[in-house]
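The block underneath contains the structure these notes are about, expressed in structure tokens.
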Amino acid sequence: MDINLMIESLLTRAGVAMDQLEAVSVNRGPGSFTALRIGMATAKGICYGLDLPMITPDGMQILVSWAEVYFPSFDFYVPMIDARRMEIYTISPVPGSGAEFHYETMILDHGSFRELEDKKVCFIGDGVPKWKKIALSSENWKMVPSEIDARKMINISQNFSKENKFSDLFQVTPLYLKKPNITQSKKQYF
């Protein structure tokens, strides 16, 4: 379905007109190269056309801030976004959303996160199911397989707005942690 039709349908179901929007929030990544480009371009177009501020939390911030609310009291939070095969997008383990994030890609194996075996850790994201299959068994670890969706963005977007953490519409770009996987077409046109 066309993204613009989806937005129109959502606003209609919510009973909100476009001119009632106060800001637009978009997940800036990491994730699918094409999805991030389309999402960011659409959000920028709406913001530019309606003269609205844009809020751009990244997927790691979204997952950690959501987990802090629904799964409090963990020593560390580790967001995991699926990046194909046994690879994930993640950050160094953090005590919460106020910590400094160090972004990375990681290929999961049996030794991953072994240094956190004795800590209370909440692993969250759509990369958790692949991790759960090979992770050491630890009573201290909570595995929360979860997609990033708009509901998870509500609190962090409201906080960004209250703190005036708006993005420069013309400077903000998607967060890519690795180069896109572009393959040569096998079709011969001429």
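Computed values, structure above
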read-out	value
Test: residue in the stretch 102-111 that is assigned to a helix (DSSP H, G or I) and closer than 16 Å to Gly31 by Cα	no
All positions within the stretch 1-36 that are out of contact with any helix residue (DSSP H, G or I) (no Cβ under 8 Å at 6 or more places or on another chain), among the aliphatic types (A, V, I, L, M) and surrounded by 15 or more Cβ atoms within 10 Å (Cβ to Cβ)	Leu36
Residue satisfying condition, being over 30 Å from Lys119 (Cα atoms), among the hydroxyl-bearing types (Ser, Thr, Tyr) and either free of Cβ contacts under 8 Å to residues at least 12 places away in the same chain or not in a helix (DSSP H, G or I) (or both), within set Ser73, Ser9	Ser9
Flag if Ile148 is outside any loop (DSSP other than H, G, I, E, B) and modelled with pLDDT of 95 or more	no
Residues that are assigned to a helix (DSSP H, G or I), more than 25 Å from Leu177 (Cβ to Cβ) and not β-branched (Val, Ile, Thr), drawn from the stretch 12-44	Arg13, Ala14, Met18, Asp19, Gln20
Verdict on Ser167 being at pLDDT 95 or above, of a type outside the set (Asp, Glu), buried (at least 16 other Cβ atoms within 10 Å of the Cβ) and in contact with a helix residue (DSSP H, G or I) (Cβ under 8 Å, 6 or more places away or on another chain)	no
Hits in the stretch 151-174 (condition: aliphatic (A, V, I, L, M) and touching a residue at least 24 places away in the same chain (Cβ under 8 Å))	Met153, Ile156, Leu169, Val172
Tally of residues being crowded, with 20+ Cβ neighbours inside 10 Å, within 14 Å of Ser167 (Cα to Cα) and small (Gly, Ala, Ser) across the stretch 37-75	1
Residue list for the stretch 76-101, restricted to those being within 17 Å of the chain's Cα centre (by Cα) and outside any loop (DSSP other than H, G, I, E, B)	Tyr77, Val78, Pro79, Ile81, Asp82, Glu87, Ile88, Tyr89, Thr90, Ile91, Val94
In the stretch 112-126, residue nearest to Ile148 (Cα to Cα) [restricted to those that are under 22 Å from the mean Cα position of the chain (by Cα) and not in a loop (DSSP other than H, G, I, E, B)]	Gly125
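Per-residue answers, yes or no, for (1) at pLDDT 95 or above; (2) of a type outside the set (D, E, K, R); (3) touching a Pro at 6+ places or on another chain (Cβ under 6 Å):
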| residue | (1), (2), (3) |
| --- | --- |
| Leu10 | no, yes, no |
| Asn27 | yes, yes, no |
| Phe33 | no, yes, yes |
| Leu36 | no, yes, yes |
| Gly49 | yes, yes, no |
| Ile55 | yes, yes, no |
| Phe71 | yes, yes, no |
| Asp75 | yes, no, no |
| Met106 | yes, yes, no |
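The values are calculated or read from the model by the stated rules, or taken from the named source; none is laboratory data. Remember, it's a predicted structure, so these values are computed and weren't measured experimentally. Quick reminder, even Gly has a Cβ in these numbers, built from the backbone with ideal geometry, and neighbours come from all protein chains shown.
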